[in-house]
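What follows draws every value from the coordinates through simple rules; no lab data is involved. Every value quoted in this text rests on a predicted model; they were computed, and no experiment measured them. FYI the Cβ positions are ideal-geometry reconstructions off the backbone, even for glycines, and counts take in every protein chain you see.
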Amino acid sequence: MHLALLVIFLQCSGVYTQERVFTFNNVEIRAEPSAKVKNGAPMSIICHADISKSANFHLQHNITIFKDGKLVYMIVSDKEVARYEVPIARSADTGDYECTVKADGKTKSSKSLHVWVTGMTKPILTAEKREVLEGEVVKLRCELPEEVPPLQFLFRKTKTNSTPKEKLVFEAYRNFSTAEFSVEEGDNILYFDCFGKRFVKHTNFELESSEPSNRTLVTVKEPFIKPSLIIKSTSNITEGDRIEFECSTVVARMRDIEIILQKNKTILNSVRDEKLLKYSAVATLEDSGEYLCKVEQGRASKTTKLNVVVAELFPKPILSASMSKLDENKELTLSCSISGFRKANFSILRRNSNGDILLKNSRNLTVRVNVNDTGSYICKAEVKGIVKESKPVRISVYAPVSKPTLSVVSGLPEVVLGKPLQLICRLMMGTPPITFTFYKGNEVKKVVINDTYATFLDENIRQNDKRGYKCDARNNHSSGVKTSNILNITVIVPIRNASLGSIPYGDVEDGSGTAFLCSVEEGSWPIHFKIFKKTDHDTLLYEKTESTDRIVWHKETMSRQDTGTYYCMVSNRAKVNVKSHPITINVILASWQKGVIAAFVLILIVGAITLTVWWFLCKKKKAKESSMEMSRSALATNSTNEKLARQHNDGDYYSGSGYIEDGENHMKSTDENKGPDLESAEVEYTEVEVSTLDPHRENTRAS
């Protein structure tokens, strides 16, 4: 019974489960009336889920709508449609919308939908003040109350018959911004407005602008009137006249008022907290020009200009010299004059960095000059307190040049072939500028203008060039040119191709002498020769300086320690060390040493051979004696056996001594007779004995 109930329950569960099957076919999102909505119009975002079910059963849906990834609407319902209502669409509602539907653990999302709310709300502009003074600042605030940052604000200042001035402000986190505009001179009635701008995502971040804000009027008052600048003296101003300036204004309040008088950006006078400025001076020709009176209070500023012309009372004096370049101890006359004007106080001065030096209060000056009188001279003329000076005149006084000295910069009058030669030409006396001329032979090589010396670099040095060098010097002195002595230069040829040889070459007998020859192919004398033997720290064996291209060094006695590698190093005044190729010397035994060693070796060999022969003969003799003893022993044994056999057969008996004696007699007879029967018997017996008893004897017999 229980089993039946279980089966019924499982079948019912299967039926129930089969009835609850569903699947999402699609989830879509749309905007009404469209995805592009005007600012202020109503808008609806609709999310619809298309679901297939196995039967008609209630299914709860969790529907959420997102804008730019942020949740804006959520509802739980058994309906498959949800609506997100926006009664008044603003630009802040522009964005990407997406909806997600969840039911019984299943989730499905729609594609993204971009909704664009076109247009922006009208910005609101407020001004801190509606009435300001020149120099003050107008503070403005522009607000977009229903917009979302980031935003841009454009402020505009407009005045009559002029181009508007604009200020652009970016606000990343606020929907309002502020700006300040200075009120400048000439501003009267000002209008201000502003615009709002925002980035539109779907148009590659282009800017969308709002309509203009309300227009705000600001009136401007003058804190003071434009200043007046006048000259109180006569209209025709001449040098020497006193000139007086007055600059004045009318101010609303005296505090922080300042009046400034200037000419060419140079301030001549100024006053503070006063309405009037005065300035006077004796007029000079340099006082001609444009003057400017400027009144400042805070940021406000107004100016007035006045052009002044001062007539010349007399022209500048002219200083003339009898000579501008002259020898020392000559007379110099300076004269000062004014064209068409003679009544003046004249003075002649010499220019100096610490102040001009007065030479004479006169129109003319005559002096005998020396070198120290070289310099610039001027003259001054005074009429009615007006002093004018002439243009400076340069006077040059020359001392004659001394005889120049020509030398090599490095010191010695020599040069290495292939390297440049630098010469210097010096003077002990002479007023600069001095013209130096260098010669090689009679050919001009270089001309230099300098003060006391000059240099010449000759890079074309040849081995057999015999031309000497000289230089001359001259200045503006009338004495003319001075020439140096001729300088002859020694050309040093560097060492080229050093070589080392020896006699004998290669193998040298111990105790004999060796001659080393070190030579060069080319090089100026004297030459310094060095001969080395290669070791861990190369050993210097011989050195010598000679005025020749080769040296010979004799080493009297060579020993085995002298075996090794040798080379020579050569140099001269070119200071370039040239190394030869190395040679190898091998010290070998002398002839008599070889003979002694050969005799000793020969003696050893003869002794060894003698001992070998003697040992072999002795060994052969011993082997022969041993073979004979064995043969005798065998014969004696055979004879004894025969006798015993015959005695046994004959019935005779012999004692031991008789046996031995008989045996000996028998052996003797055998040796003497050597019958064929006996020899045959001996051979048979001996062969049996050797094969069975003693192999050594067999070998002896065989030998």
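Worth a mention:
- With the charge dipole of the chain set up from +1 on Lys and Arg Cβ and -1 on Asp and Glu Cβ about the Cα centre, the Cα lying farthest toward the positive end among the listed residues 323, 504, 613 is that of 323.
- Distance from the C-alpha centroid of the range 397-440 to that of the range 161-223: 78 Å, rounded to the whole angstrom.
- Three semi-axes describe the equivalent ellipsoid of the range 210-301; taken as square roots of 5 times the Cα gyration tensor eigenvalues and ordered largest first, they are 36, 15, 11 Å.
- Unsatisfied cross-links (Cα-Cα over 23 Å) in the set 534/555; 265/316; 167/305: 265/316; 167/305
- For the chain, the residue among 418, 168, 584 whose Cα projects farthest onto the positive side of the dipole built from Cβ charges is 168.
- Centre-to-centre separation between the Cα atoms of the range 255-331 and those of the range 337-357: 23 Å.
- Each peptide in 301-308, 163-170 gets a packing score, the mean of other Cβ atoms within 10 Å over its residues, and the list from highest to lowest is 301-308, 163-170.
- Pairwise label distance in nanometres, residue 88 with residue 126, each label 7 Å out on the Cα-Cβ vector: 1.9 nm
- Lys/Arg +1, Asp/Glu -1 at C-beta; the chain dipole; positive extreme among 249, 115, 527: 249
- Restricting the calculation to Cα atoms, every distinct pair contributes to the Kirkwood radius of the range 405-492, found to be 13.3 Å.
- In a reduced charge model with +1 at each Lys and Arg Cβ and -1 at each Asp and Glu Cβ, the range 397-529 shows a dipole moment near 1140 debye about its Cα centre.
- Set 294/380; 38/111; 544/594; 122/157 screened for pairs whose C-alpha atoms are more than 26 Å apart: 294/380; 544/594
- Peptides 435-447, 112-124 ranked from most to least packed by the mean count of surrounding Cβ atoms within 10 Å: 112-124, 435-447.
- Working note: Karplus 6.51/-1.76/1.60 with θ = phi - 60° gives the range 74-88 the couplings 8, 8, 10, 7, 8, 8, 9, 10, 10, 10, 10, 8, 10, x, 10 Hz, where Gly and Pro are set to x.
- Helical mean residue ellipticity (222 nm; -39500 (n - 2.57) per DSSP H run of 4+; nearest 500) of the chain: -6000 deg cm²/dmol
- Only the Cβ atoms of Lys and Arg (+1) and of Asp and Glu (-1) were treated as charged; on that basis the dipole of the range 228-311 about its Cα centre amounts to roughly 420 debye.
- Placing dummy labels 7 Å off each Cα toward the beta-carbon, the span from residue 242 to residue 215 is 5.8 nm.
- When only Cα pairs below 8 angstrom with a gap of at least 6 residues are kept, the chain shows a relative contact order of 5 percent.
- Here the Kirkwood formula, the inverse mean of 1/r across different C-alpha pairs, assigns the range 318-391 a hydrodynamic radius of 12.9 Å.
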